[in-house]
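Report on the following structure.
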Amino acid sequence: MLSSRQTRWLVTGAAGMLGRALCERLEESGAEVTALDRAALDVTDPRAVDEALTAAGPDVVVNCAAMTAVDAAESDEASAHRINADGPRHLARAGARTGAHLVHISTDYVFEGGTADHATPYPEDAEPRPRTAYGRTKLAGERAALTEHPSGTAVLRTGWLYGHHGHSFVGTMVRFAGEGRTADVVDDQFGQPTWTGDLAERILDVARTHATGIYHATSTGQVSWHGLAREVYRLTGADPSLVRAIDSSRLTRPAPRPHWSVLSHEGWARAGLPPLRDWQTALAQALGDGNGWKAYS
């Protein structure tokens with residue numbers, strides 16, 4: 001196994017919420033990091049990808065680059081495919097050539113999303129049935145990466161991400177709570193809020209163990225968006241009753257949102273790792289973290 005200090009890392013999408021959290025964690029560990037945002041590396045350009053990996057010589061490549069605008073992808077699936085599917089393919093090919101371990105970040109949107117009473121978490125080997133352009137292109141990216149570099153690719157599916165950088169639902173609720181605002185939040189969509197700090201730590205674990213295959217990198221437990229918002233209000237000292245429950249049928253969006261985004265985590269045993277911790281404990285630490293919520297102050 002390699003320690004993060006002994007490992008050279010290349011992170012794509014390094015200016016995003018997860019990318020920034022991961023780069024901060026790697027810098028804390030003393031690792032050598034090449035952090036590339038979209039301006040520095042266009043993952044849709046195979047020559048640029050090949051040159052970047054050749055120049056940096058990374059042991060581990062983490063692909064945080066993605067088109068995550070779910071509604072925009074519905075009207076421009078071709079662009080989403082170039083970033084979410086072709087990008088991972090180029091990175092995997094370059095990784096296979098250079099011997100780099102690829103950690104590719106994927107999504108719960110590869111699944112159908114069921115109904116609010118679905119009740120059974122999706123295991124890693126469940127049949128994906130994406131209902132959105134975003135989900136289809138992310139699934140294509142998973143398959144491309146695993147096909148091009150099967151002995152050196154780990155796919156980490158995550159969802160409901162929040163962190164200290166960029167925009168997220170939790171960040172918005174922190175701001176609303178601080179302003180004493182009411183919030184109407186859907187109560188018929190369930191998932192697993194996942195802190196970028198926890199996911200960044202798990203990415204380091206994956207690199208140390210050289211895990212390959214598909215893993216569900218979400219916090220354990222489950223909650224609705226309404227329940228999550230109430231917990232944010234409670235933890236920040238605001239009145240949870242200011243969060244009012246609504247039905248998702250009141251919201252009309254181009255891309256359908258999953259009612260059930262709860263994933264199971266049996267795959268981690270394969271890598272000798274435990275699942276991520278429960279979402280409540282992680283949220284409490286994230287909200288009390290000394291880094292603060294700079295994006296929302």
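Projecting the Cα atoms of Val243, Ala217, Ala177 onto the dipole axis of region 139-247, where Lys and Arg carry +1 and Asp and Glu carry -1 at the beta carbon, places Ala217 farthest toward the positive end. The share of alpha-carbon pairs in region 172-297 lying farther apart than 20 Å comes to 52%. The angle separating the long axis of helix 133-148 from the principal Cα axis of greatest extent in the chain is about 30 degrees. Across Phe169, Phe111, Phe190, mean-square fluctuation computed from a Gaussian network of the chain (C-alpha pairs under 10 Å connected) peaks at Phe169. So if the hydrodynamic radius of the chain is defined as the Kirkwood radius over C-alpha pairs, what does Stokes-Einstein give as its diffusion coefficient at 25 °C and 0.890 mPa s, in µm² per second? Here the translational diffusion coefficient equals 127 µm²/s. The H on the amide N of Leu161, modeled in the peptide plane, is under 5 Å from the matching H of Thr194, each at least 5 residues off or on a different chain. Here the Gaussian network model covers the chain, with springs between Cα atoms less than 10 Å apart; of Ala286, Ala56, Ala145, Ala56 fluctuates the most. Any idea what log10 I(q)/I(0) is at q = 0.19, 0.23 Å⁻¹ for region 1-124, Debye with uniform C-alpha scatterers and no solvent? Evaluating at q = 0.19, 0.23 Å⁻¹ gives log10 I(q)/I(0) of -1.03, -1.31. Mean residue ellipticity, 222 nm, helices only, the chain: the sum of -39500 (n - 2.57) across DSSP H runs of n ≥ 4, divided by residue count and rounded to 500, is -11000 deg cm²/dmol.
If I model region 144-243 as equal point scatterers sitting on the Cα atoms and use the Debye formula, what is log10 I(q)/I(0) at q = 0.15, 0.16, 0.25 Å⁻¹? The Cα Debye sum returns log10 ratios of -0.68, -0.74, -1.28. Largest mean-square fluctuation among Gly197, Gly227, Gly237, in a Gaussian network model of the chain whose springs join Cα atoms under 10 Å apart, belongs to Gly237.
A short reminder: the numbers here are calculations on the coordinates, not readings from a lab. The shown structure was predicted, so the numbers you read here are calculated from the model rather than taken from an experiment. Counting neighbours? That spans all protein chains shown, and the Cβs are built from the backbone with ideal geometry, glycine included.
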